[in-house]
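Undergrad: After the structure tokens below, expect a handful of questions from me.
A short reminder: the numbers here are calculations on the coordinates, not readings from a lab. Nothing here was measured: the structure is a model prediction, and the numbers come from that model. No Cβ is skipped: glycine too gets one built from the backbone with ideal geometry, and neighbour counts run over all protein chains shown.
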Amino acid sequence: MDTTDRPPAPAPAPGLPHVWAGLALSCHPGPAAAVTVLVAALAVASGAGTGRQVLVTAAVLTGQLSVGWCNDAYDALRDAEAGRRGKPVARGASDPGTVWAAAFAALALCVVLSFACGAAAGAAHLTGVVAAWAYNLRLKETPLSWLPYAIGFGSLPCLVTLSLPGGPWPAWWAVAGGALLGVAAHLGDVLPDIEADLRAGVRGLPQRLGAA
């Protein structure tokens, strides 16, 4: 049998489409998953029904996706200059327009899901999401960089309890604890990049405090 008579070699199984792989890596999957799981646990502990738990969790997940995609799309040039190869948009592996479109689509879905949890719950959660977008677009470069994290994490207990029947407010210590956790997350997240951020002109609170 010569080469013309051989059956064709099987084609390799297709992998994850390029665009979806880029989006998956651009959404900050680790932090998004951690925050979503945290809120899902709070929803279960609150005694909410299964449907309400799923709704609250979905609202938080879409909000986190929108924030992550917004961050990577907006910071693409800065990340490229800093040599952050783990960012698909920065290294040219994802189209910025696609990531922006995904961010706004996730934000729109977040609005719908948040208000489906109740008017007060939706307003509380969206306050945190808007604060996170404000961090991405402006506040990360200012001494108020910690504030969106405090608002965002502090709003999560509000979302959970206000979505319950009767819409009770969470205990003050739960909101305060969430806010402090958010500020700690901000400091820890920025720590490895302080030097590169300073070279890029980013002078948020952690950069002003310094690594030590």
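Undergrad: Based on the mean of other beta carbon atoms within 10 Å per residue, what is the order of 89-99, 139-149, 188-198, most packed first? Please report the intermediate quantities before stating the final value.
TA: Working: 89-99: 17.6, 139-149: 19.5, 188-198: 14.5.
Output ranking for 89-99, 139-149, 188-198: 139-149, 89-99, 188-198.
Undergrad: Still on this model: Beyond 23 Å, what share of the Cα-Cα pairs of the chain is found? Please give it as a whole percent. Mind dumping the intermediate values first?
TA: Working: 11236 of 22366 pairs.
That tail contains 50 percent of the Cα-Cα pairs.
Undergrad: Hey, another quick one. Once you put a point 7 Å from the Cα of residue 172 and another 7 Å from the Cα of residue 184, both along the Cβ direction, what distance in nm separates them?
TA: 2.1
Undergrad: Which one, 182, 118, 166, has the greatest fluctuation when you compute a Gaussian network model over the chain with C-alpha springs under 10 angstrom?
TA: It is 166.
Undergrad: Considering every pair of different Cα atoms, what Kirkwood radius, in Å, is found for the range 81-138? Could the numbers behind the result be given before it?
TA: Details: mean 1/r = 0.0760 Å⁻¹.
Every distinct Cα pair counted, the radius reaches 13.2 Å.
Undergrad: Of 18, 125, 28, which is the most mobile in a GNM of the chain whose springs link Cα atoms less than 10 angstrom apart?
TA: In this elastic network of the chain, the residue with the biggest mean-square fluctuation among 18, 125, 28 is 18.
Undergrad: A follow-up question, please. Where does each of 55-66, 32-43 land if you order them by average Cβ count within 10 Å, highest first? Write down the numbers at each step before the final one.
TA: Values: 55-66: 24.8, 32-43: 18.1.
Final packing ranking: 55-66, 32-43.
Undergrad: Pairs of alpha-carbon atoms within less than 8 angstrom and 6+ residues apart define the contacts here; what relative contact order does the chain have, in percent?
TA: Relative contact order of the chain: 18 percent.
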